Amino acid sequence: VSMQTAQAQRPKPNYDEAKVPQYKLPAVLKTSDGRKVDSAELWWKVRRPEILHLFESEVYGKSPAPPENILFEVISQKNDALHGKAIRKEVSVFFSGKKEEPRMDLLIYLPAKATKPVPVFMGLNFYGNHTIANDPEITLSTKWMRANKAKAIVNHRATEKSRGTSASRWAIDEILDRGYGLVAIYCGDIDPDYDDGFQNGIHPLFNKAGQKKPAADEWGTIAAWAWGLSRAMDYLETDDQIDQKHVALIGHSRLGKTSLWAGAQDQRFALVISNNSGCGGAALSRRRFGETLNVINNAFPHWFCDNFNKYIDKEEQLPVDQHMLVSLIAPRPVYVASAVEDRWADPRGEFLSVLNAEPVYKLLGTSGFGAKQMPEVNQPVQQQMGYHIRTGKHDVIDYDWKQYLDFADRHFRGS
Ligand code: GTR
C-alpha cells in the first residue's frame, strides 16, 4: 500500500458506539475445513496451529528460530539494592553469541529475603531500564530512544535526568513486598522503535543471503520484541533464583500488543497481562473504534508485517480477529485491562476479545471468564481470564498492579 494513498484516505477516529459497523467475528472453534472444534485434541492438533499461523503470516510476521549461540553474561549483582530490599542483577544477552551488538540488557530485581526461587513479572519498557526505578546504580542505557522531553531524552539518548522517570509505572516496592521479582528490558535493545527499513536492531542478523528486509510475512518490530522476550526467558531458565514455571509477562500499549503475541507463541510464559494494548493488541479490529488498521499501519509501518496492510479499511476480510490472539494463550491465565479515558484503545473492543476467547478456555477445562457484560468501572473480574476497566488515562498505575498481583497470587499461589 502506498503511504500517500492510505494517508489521504485516513478516516477520522470513530468514538460513537452507534457507528461501529455490523461485523461477524471469525469462528475461533471451527477449523479452516469447517469442522467444529469440540475436543481439546482438535484444538491443540489442528485449530490452534491454524490460528497461530494466520497471526504469523497476516499480522505480526513469522519470527526466526532461537539462535544457536546465544550468550548470557551477568554484568553486575548486588544483594542489598533498594535500601536492602532487593537483589539486583544486570544480565547482558548477546544474540549472535559474540560479545557485540545486537545485545539486550536484563535488569532483575528479586526480593532480598527470598529463600527459594521466586515468581517474576517480566516486561519491556519504552525508555531504558534506568527509568523503571529510583535506583541510581542501574546502568544508564546508551541506546537510541524516541524523542521525549519528559523523559529527559536529548538527541535520542538518555541523560542522568532520565533516571526513574517511568518509576510510577512499575510498583516495584509492592511487587517485592508481595514476594515477586521483576525483570525489565528496554524494547529498543531488541529493535529501535522507528521505521528504518529494518536496518538496525535484531532483524539484519537473520537476513538470508542477499535479503535486505523481512518478506511480507516475516517479523516486524512487535514480533521482534516478542521474540526478544522469549530469549529473555531462555536466560531465566538458566537462573536458579527464578521460579521458571511462574513467569508472568506484562506490557503496556504497544508493549501490551507485544506481551500478547509473545505469550501466544511461547507457552513457557505462565500468565500474560495486556495493559491498555488497543489496536493490534486486545482490541477487536473489526469494530474500527478509536485507532484502526489504517491509522496504525501508517503511523507505525514497522510494527506489523507488510501483509497486515492488505486489511486496511477491509477489516472484514481479516481471517482472524484479536479474540483469537487471546485464545492462543489458553488455558494459561490472561488479564486484559482498559482505562475509561483511553478510548483510542477501544475498551469495549478489549473486553470483547476476552469474552469471545472464553469458549477456548472452557473447552480446555478452565473456569473461563465469569463476565458476560462489561463490568462496572473499577470492578475487576478475575477467574482464569481477568479484565478491568479503571478510571483514568492510558497508563499503568498502582491500581493496575494491585489487580495483577492479586491475579498472580490466585494462579501462582492458589490464594
Ligand atoms: C500510540 C499508538 C497506540 C499505542 C500507543 C503506545 O501512538 O497509536 O497503538 O501503541 O501509542 O504504545 O503508547
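We did not get these values from a lab; they are worked out from the coordinates using the rules stated. Remember, it's a predicted structure, so these values are computed and weren't measured experimentally. Please note: Cβ atoms are built from the backbone with ideal geometry, for glycine as well, and neighbour counts cover all protein chains shown.
Show me, for the stretch 159-165, the HN-Hα J-couplings you get by feeding each phi into the Karplus relation (A = 6.51, B = -1.76, C = 1.60, θ = phi - 60°), rounded to Hz, glycine and proline as x.
After applying 6.51 cos²θ - 1.76 cosθ + 1.60, I find 10, 3, 5, 6, 4, x, 6 Hz.
Between Leu205 and Glu17, take the C-beta separation as r, use R0 = 56 Å, and let me know the FRET efficiency to the nearest 0.05.
Taking R0 as 56 Å, the efficiency between Leu205 and Glu17 is 0.80.
Determine the equivalent ellipsoid of the stretch 44-138 by diagonalising the alpha-carbon gyration tensor, then write out the semi-axes as square roots of 5 times the eigenvalues, largest first, rounded to whole Å.
33, 18, 14
Fewest Cβ neighbours within 10 Å first, please rank Arg268, Arg413 accordingly.
Fewest-to-most Cβ neighbours within 10 Å comes out as Arg413, Arg268.
Using the 10 angstrom Cβ neighbour count as an exposure proxy, how do Lys99, Lys78 rank, fewest first?
Ascending Cβ contact count within 10 Å gives the list Lys99, Lys78.
Any chance you could run the full-extension gain for Lys85 through Val340? It's 0.36 nm times the residue separation minus the Cα-Cα distance, nm to one decimal.
88.3 nm
Volume per residue, Å³, of the convex hull around the alpha-carbon atoms of the stretch 34-80? Intermediate values should be presented prior to the final figure.
Values: hull volume 9.2 nm³, N = 47.
Normalising the Cα hull of the stretch 34-80 by residue number yields 197 Å³.
Among Val360, Val74, Val37, which one shows the biggest mean-square fluctuation in a GNM of the chain, springs joining Cα atoms closer than 10 Å?
Taking springs between Cα atoms under 10 Å, the residue moving most is Val74.
Let me see the P(r) profile for the stretch 187-285: every Cα-Cα distance counted, bins of 10 Å, each bin given as a percent of all pairs.
Here the calculated profile for the stretch 187-285 is 15, 42, 32, 10, 0.
If eta is 1.002 mPa s and T is 20 °C, what Stokes-Einstein diffusion coefficient results for the stretch 309-415, Kirkwood Rh from Cα pairs, in µm²/s?
The estimated diffusion coefficient comes to 147 µm²/s.
Evaluate E = 1/(1 + (r/R0)^6) for Lys212 and Ala65, where r is the Cβ-Cβ distance and R0 equals 25 Å; express this FRET efficiency to the nearest 0.05.
On the way: r = 21 Å, r/R0 = 0.84.
In this case the efficiency is close to 0.75.
Can I get the semi-axes of the stretch 130-232's equivalent ellipsoid? Compute them from the C-alpha gyration tensor as square roots of 5 times the eigenvalues, in angstrom, largest first.
Gyration-tensor ellipsoid for the stretch 130-232: 30, 18, 10 Å.
Most fluctuating residue of Lys24, Lys362, Lys213 in a GNM of the chain with Cα springs under 10 Å: which is it?
Highest fluctuation among the options: Lys24.
For the chain, compute the orientation-averaged projected area of the C-alpha convex hull (one quarter of its surface), in nm².
20.0 nm²
Counting other beta carbons within 10 Å of each Cβ, put Cys305, Cys187 in order, fewest first.
Details: Cys305 24, Cys187 27.
Ordered from fewest to most neighbouring Cβ atoms within 10 Å, Cys305, Cys187 come out as Cys305, Cys187.
Could you work out the per residue convex hull volume over the alpha carbons of the stretch 81-137, in cubic angstrom?
Measuring per residue, one finds 113 Å³ for the Cα hull of the stretch 81-137.
Give the Rg/Rh ratio for the stretch 237-287, taking Rg as the radius of gyration of the Cα atoms and Rh as the Kirkwood radius, to two decimals.
Value, to two decimals: 1.09.
Given the -39500 (n - 2.57) contribution per DSSP H run of 4+ residues, what per-residue ellipticity at 222 nm results for the chain, rounded to the nearest 500 deg cm²/dmol?
-7000 deg cm²/dmol, from helical runs alone.
Expressed in nm to one decimal, what extension gain is obtained for the pair Lys113 and Arg413 from 0.36 nm per residue of sequence separation less their Cα-Cα distance?
Values: separation 300, 0.36 × 300 = 108.00 nm, distance 1.78 nm.
Stretched out fully, the Lys113 to Arg413 stretch lengthens by 106.2 nm.
For the stretch 391-397, just list the computed ³J(HN,Hα) in residue order, Karplus coefficients 6.51, -1.76 and 1.60, θ = phi - 60°, integers in Hz, with x standing in for Gly and Pro.
Listing the rounded values in order: 5, x, 9, 5, 4, 10, 10 Hz.
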